[in-house]
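What follows is a short report on a single structure.
The values are calculated or read from the model by the stated rules, or taken from the named source; none is laboratory data. Please read these numbers as outputs of a predicted model, since none were measured by experiment. Remember, those area values only see protein heavy atoms, side chains included, never the ligands or the DNA or RNA. Shrake-Rupley method; radii C 1.70, N 1.55, O 1.52, S 1.80 Å.
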Amino acid sequence: MDPAPRELRIRLPDLPPDRYATIVHAVASVLDVAGVVTESSIFPDPHATDEDLNRRFDRFCLAYPWSDR
């Protein structure tokens, strides 16, 4: 019998979209470092837009040390 999946809920104060997206990507990075990102799911709140999240991810990629840019 497989164990039930674990869940973590984080409640944040009202934040501007850019700061919220930064936190979402930071949580994904922590899951990656822990070796569980491919088995995990992140459900952003309904106020987060793909554009906000993608814009922040693009900024992260530009600063990534192994980026092609």
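Just to confirm, what accessible area per residue do you get for the chain at 1.4 Å probe, in whole Å²?
On the way: 6460 Å² over 69 residues.
Per residue, the chain has an accessible area of 94 Å².
Please list, short to long, the whole-number percent of alpha-carbon pairs of the chain in consecutive 10 angstrom bins beginning at zero.
Computed distribution, short to long bins: 17, 45, 29, 8, 1.
Computing the accessible area with a 1.4 Å probe over protein heavy atoms, can you report the carbon and sulfur percentage for the chain?
56
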